[in-house]
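Everything on this sheet refers to the single structure shown next.
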Amino acid sequence: MPAPLRARGRRIAGPASGPTAAEPSLLLPDRFAPARRRHLGAPGLRTFLAIADRWGWTEAERLLVLGSPGRSTYFGWIAKARDGQDLTLPVDVLLRISAVLGIHKALMILFGSEPAALDWLTGPHDGPSFGGQPPMALVVNGTMDGPMLVRRYLDAARGGVFGPPGPMDEASPPYGDDDIVIL
């Protein structure tokens with residue numbers, strides 16, 4: 001077993017060692033347990049379907065975003081979710097649904113209206129992550145990376161990163177030495 005690593009006087013758990021009492025686990029051991037997935041499955045899928053309806057996705061796009069499950073599996077999930085039955089979705093499907101929910105939430109925070117959010121999502125984008133294509137193209141491209149990239153981009157934008165200067169920025173006077181305050 002390799003020796004634990006040290007950084008700035010703190011012990012860092014090596015690959016074979018677990019967290020100590022001072023180091024909380026980043027992931028709960030039961031995070032992906034069937035009971036937790038069953039609890040989230042039906043409500044998550046219903047919310048995903050509502051967003052997909054609002055965004056005008058076809059069944060083929062919905063299937064791609066969910067990781068291309070079989071059609072009978074997909075329609076079985078929908079039937080159970082709409083009937084309020086227990087639904088245990090695979091972890092990757094829940095992660096994909098979570099990405100879509102996160103994208104929707106971030107769009108509503110950033111744009112405040114569905115039409116403005118959809119304009120951003122469906123219009124061409126010159127951000128470095130998008131290469132001129134609409135963010136929606138990445139969301140429905142069938143990979144896990146596409147929706148996650150858009151979600152991370154929007155989360156960063158919410159935090160003030162990745163935003164190109166806009167009209168408000170251009171109208172603002174530049175900072176001077178008197179504007180810098182060191183406490």
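The values are calculated or read from the model by the stated rules, or taken from the named source; none is laboratory data. The structure displayed is predicted, hence computed values, not measured ones. Virtual Cβ from ideal backbone geometry, glycine too; neighbours counted across all protein chains shown. All accessible areas refer to the heavy atoms of the entire protein, side chains included, with ligands and DNA or RNA removed. Shrake-Rupley method; radii C 1.70, N 1.55, O 1.52, S 1.80 Å.
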Per the rule of 0.36 nm per residue minus the C-alpha distance, extending Thr47 to Asp177 adds in nm 41.8 nm
Cleavage-rule hits, trypsin sites (Lys or Arg not before Pro), region 80-183, DSSP coil, Cβ neighbours within 10 Å at most 15: none
I'd like the chymotrypsin sites (Phe, Trp or Tyr not before Pro) in region 89-183 restricted to DSSP loop residues with at most 15 other Cβ atoms within 10 Å, sorted by number. Phe162, Tyr175
What Kirkwood radius, in Å to one decimal, follows from the Cα pairs of region 63-183? 16.8 Å
Which parts of region 27-67 would a label at Asp86 reach, counting a residue when its backbone N lies under 14 Å from a point 7 Å out along Cα-to-Cβ? 33-42
Once you have the Kirkwood Rh of region 32-100 from its Cα pairs, apply Stokes-Einstein at 20 °C and 1.002 mPa s and quote D in µm²/s. 180 µm²/s
Rounded to the nearest 10 Å², what accessible area does Phe32 have for a 1.4 Å probe in the complete protein model? 90 Å²
Can you give me the distance in nm between label points at Arg158 and Glu170, each placed 7 Å from the Cα along the Cα-to-Cβ direction? 2.9 nm
